[in-house]
Amino acid sequence: MQKHLLSFGLSAILLSGAVFGMTSCVRSYRCECKIAYEGKPGLPTSPPREYEIKDTNKNAKSLCQGASKTYTDMGIVTIETCDLK
């Protein structure tokens, strides 16, 4: 009986440690996307966009940088570069 209680107690401690270890890496990160335009003179300057990502650092960085894009419309090239702040 005492052996089962010890085993149960040890299992509970290991499980709670694993859960804490998995959730402790999830944090809130700020992703900043800077927008630049090219192709014609006198194009406006846009303020950077920011948004929050709650994830691990590695995943947040990947999600944020994955939002970077370049596209062209009517001769104007829009370049959006995103990175963690």
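Bear in mind these aren't lab numbers, they're just calculated from the coordinates by the rules spelled out. Being a predicted model, the structure only gives us computed values, none of them experimental. Backbone-built Cβ (ideal geometry, glycine too); neighbour counts: all protein chains shown.
Things to note:
- Each residue in region 21-74 was checked for being in contact with a Phe, Trp or Tyr (Cβ under 8 Å, 6 or more places away or on another chain) and of a type in the set (Gly, Ala, Ser), and 2 of them qualify.
- Long-range neighbours under 8 Å by Cβ, at least six apart or interchain, first residue over 16 Å from residue 30 (Cβ atoms) within region 53-79, second part of a strand (DSSP E or B) and of a type in the set (Asp, Glu): 69/80; 70/80; 76/38; 77/38; 79/38
- In region 58-85, of all residues being surrounded by 15 or more Cβ atoms within 10 Å (Cβ to Cβ) and out of contact with any helix residue (DSSP H, G or I) (no Cβ under 6 Å at 6 or more places or on another chain), the one that is farthest from residue 42 (Cα to Cα) corresponds to 60.
- Counting the residues of region 36-66 that are farther than 14 Å from residue 81 by Cβ, part of a helix (DSSP H, G or I) and not aliphatic (A, V, I, L, M) gives 4.
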